[in-house]
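Structure first, then comments.
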Amino acid sequence: MNENSKSRPPAARRPLRVAIIGCGKIADGHVDEIHKMPEQAQVVAVCDREALMAEQLATRFAIPATYDNFQQMLERERPDVVHVTTPPQSHAALALQALAAGCHVYVEKPFALDGAQATQIVAAAESQRRKITVGYSSLFDPPALRLREMVAEGVLGEPLHVESFYGYNLDGPFGKALLADPGHWVHGLPGKLFHNIIDHMLNKIVEFVPDDVPQVTALASALRPERFGDERDAMMDELRVLVRGQRVTGYGTFSSHIRPAAQFVRVYGTRNIAHVDFLARTVTLEASPKLPSAIGRLLPPFEHASALVGQGLSNLGRFLRSDFQYFAGMRHLMSLFFDSIVDDGPVPIAYRDILRISRMMDEIFCQVRAQGTAGEGIA
């Protein structure tokens, strides 16, 4: 991942014209974050096949133009950048349409339905000499940036293993919606619930496993009691993934039942172990005894507590500066992407990583389907 991008002074360039296709909940986050960087970009139009959705989004954020026809928006507004925030089934078609119109494209996760579609999008972007990125915003949250700095500085030594945990609450608003509706678009994805979520888990592993095609082993199950009598009962909700590269291994956990629904990554190196809590926004190192005998075992808990207090005070300072934002990573990713467009520099997320994650998801879903009925998998 590229986190450093040189940009021209704001006065030397006009803001990029951004259009958004898909006016669901995540679109609000996109518009809100773009409004915080007026020197880089401005939202000029929004589009949704449900005209009312587009009109409501435009009203909330004072956006000048709304459409219910994507091609018409592309032709009339001629945006520099299109943000695709629709359900994943339409990502490839809309991204290709925007690229053909000469736009750069930001695609919300998951990038595409499968590796073949992902490859097609990347190929089109390269042939059109346009840039694309995907909404892996947690990779650009402050704790993820700090972890990357620590790795670059050699604090961890050589990374040998990474553990990525993603907890999910099916009792939340989105979970309740997909369980209440057998026709929800999530049920139509090749990987169903996993398909909509686990790239957040995998992208933190892929960053440390450089192999083009690492060995992937997946085990899945459904722990919810059956109560619908349709495909909702077959939707698996627990997943374990082992990723084996030549030098680095990874382990991913997706859980809808473990509480609290934590989201963290641990990187195990030859010099130290780092723990990144994406919900608490903390980065800590594993405390280890530095003195012999019992005294040495007394100190690590205090060192760990001191580190957490320091992280808490840092977060408090950011909060008081109005810089402790839920979508901080999204804004940073967008800013880097916009800079890469204006300066014709490297994109913030390498296409190789987008494709590797897409192929890994293909393999995981293939193995999950092969495991047969719900409830098989995790022993």
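The values are calculated or read from the model by the stated rules, or taken from the named source; none is laboratory data. Given the structure is predicted, the values throughout are model-derived calculations rather than measurements. Reconstructed Cβ throughout: ideal geometry from the backbone, glycine too, with neighbour counts over all protein chains shown.
Out of Gly269, Gly312, Gly317, report the one residue that is in contact with a strand residue (DSSP E or B) (Cβ under 8 Å, 6 or more places away or on another chain), loosely packed, with under 15 Cβ neighbours inside 10 Å and modelled with pLDDT of 85 or more.
Within the list Gly269, Gly312, Gly317, the selection yields Gly312.
Determine whether the stretch 56-73 contains at least one residue that is within 21 Å of the chain's Cα centre (by Cα) and basic (Lys, Arg).
No, every residue in the stretch 56-73 fails to be within 21 Å of the chain's Cα centre (by Cα) and basic (Lys, Arg).
May I ask you to list pairs of residues, at least six apart or on different chains, whose Cβ atoms are under 7 Å apart, with the first in the stretch 27-45 being at negative phi and the second being of a type in the set (Asp, Glu)?
Val44/Glu77; Ala45/Glu77
What are the residues in the stretch 58-76 that are touching a residue at least 24 places away in the same chain (Cβ under 8 Å) and buried (at least 20 other Cβ atoms within 10 Å of the Cβ), if any?
Ile63, Phe70, Met73, Leu74
If Leu113 passes every condition in (1) more than 24 Å from Pro348 (Cβ to Cβ); (2) surrounded by 21 or more Cβ atoms within 10 Å (Cβ to Cβ); (3) out of contact with any strand residue (DSSP E or B) (no Cβ under 9 Å at 6 or more places or on another chain) but one, which one does it miss?
Here Leu113 clears every test but (1).
Name the residue that is farthest from Ser358 (Cα to Cα), counting only residues in the stretch 190-218 that are in contact with a helix residue (DSSP H, G or I) (Cβ under 8 Å, 6 or more places away or on another chain) and surrounded by fewer than 19 Cβ atoms within 10 Å (Cβ to Cβ).
Per the criteria, the residue is Thr217.
Can you list residue pairs whose Cβ atoms sit under 7 Å apart, with the first residue in the stretch 335-347 being over 15 Å from His30 (Cβ atoms) and the second being in a helix (DSSP H, G or I) and of a type in the set (S, T, N, Q)? Count only pairs 6 or more apart in sequence or on different chains.
What qualifies is Pro346/Ser340; Val347/Ser340.
Looking only at the stretch 167-184, count every residue that is of a type in the set (Gly, Ala, Ser) and surrounded by 14 or more Cβ atoms within 10 Å (Cβ to Cβ) and tell me the total.
2
For the condition in a loop (DSSP other than H, G, I, E, B) and either of a type in the set (Val, Ile, Thr) or not assigned by TED's automatic domain parsing to the domain that holds His195 (or both), what is the one hit in Met37, Met53, Met73?
Only one candidate passes the filter, namely Met37.
With modelled with pLDDT of 95 or more and under 27 Å from Val342 (Cβ atoms) as the only criterion, which of Gln72, Gln56 stands out?
Going through Gln72, Gln56 in turn, the sole match is Gln72.
Considering only residues that are hydrophobic (A, V, I, L, M, F, W, C) and in contact with a Ser or Thr (Cβ under 9 Å, 6 or more places away or on another chain), look in the stretch 74-112 and name the one that is nearest to Arg352 (Cα to Cα).
Phe111
Would the stretch 311-323 turn up any residue that is under 19 Å from Arg130 (Cβ atoms), without any contact (Cβ under 8 Å) to a residue 40 or more places away in the chain and of a type in the set (D, E, K, R)?
Taking every residue of the stretch 311-323 in turn, none turns out to be under 19 Å from Arg130 (Cβ atoms), without any contact (Cβ under 8 Å) to a residue 40 or more places away in the chain and of a type in the set (D, E, K, R).
Residue-wise test of (1) surrounded by fewer than 19 Cβ atoms within 10 Å (Cβ to Cβ); (2) over 15 Å from Val347 (Cα atoms); (3) under 19 Å from the mean Cα position of the chain (by Cα).
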site: Lys109; (1), (2), (3): no, yes, yes
site: Ala118; (1), (2), (3): no, yes, yes
site: Thr133; (1), (2), (3): no, no, yes
site: Ser137; (1), (2), (3): no, no, yes
site: Arg146; (1), (2), (3): yes, yes, yes
site: Val151; (1), (2), (3): yes, yes, no
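Confirm whether Arg78 is under 26 Å from the mean Cα position of the chain (by Cα) and not hydrophobic (A, V, I, L, M, F, W, C).
So Arg78 fails the test.
Quick check: is even one residue across the stretch 284-302 of a type outside the set (Gly, Ala, Ser) and either in a strand (DSSP E or B) or touching a Cys at 6+ places or on another chain (Cβ under 6 Å) (or both)?
yes
Applying the selection to the stretch 222-245, what residues are charged (D, E, K, R), touching a residue at least 24 places away in the same chain (Cβ under 8 Å) and not in a strand (DSSP E or B)?
Scanning the stretch 222-245 gives Arg224, Glu226, Asp230, Glu231, Arg232, Asp233, Asp237.
Could you grab me the full set of residues in the stretch 262-279 that are outside any strand (DSSP E or B) and within 17 Å of the chain's Cα centre (by Cα)?
Listed by number, the residues that qualify are Ala262, Phe278, Leu279.
Across the stretch 219-255, what is the total count of residues that are out of contact with any helix residue (DSSP H, G or I) (no Cβ under 9 Å at 6 or more places or on another chain), acidic (Asp, Glu) and modelled with pLDDT of 95 or more?
Of the residues in that region, 1 qualify.
Select from the stretch 324-364 the residues that are buried (at least 19 other Cβ atoms within 10 Å of the Cβ) and in a loop (DSSP other than H, G, I, E, B) and list them in ascending order.
Of everything in the stretch 324-364, those that are buried (at least 19 other Cβ atoms within 10 Å of the Cβ) and in a loop (DSSP other than H, G, I, E, B) turn out to be Val347, Pro348, Ile349.
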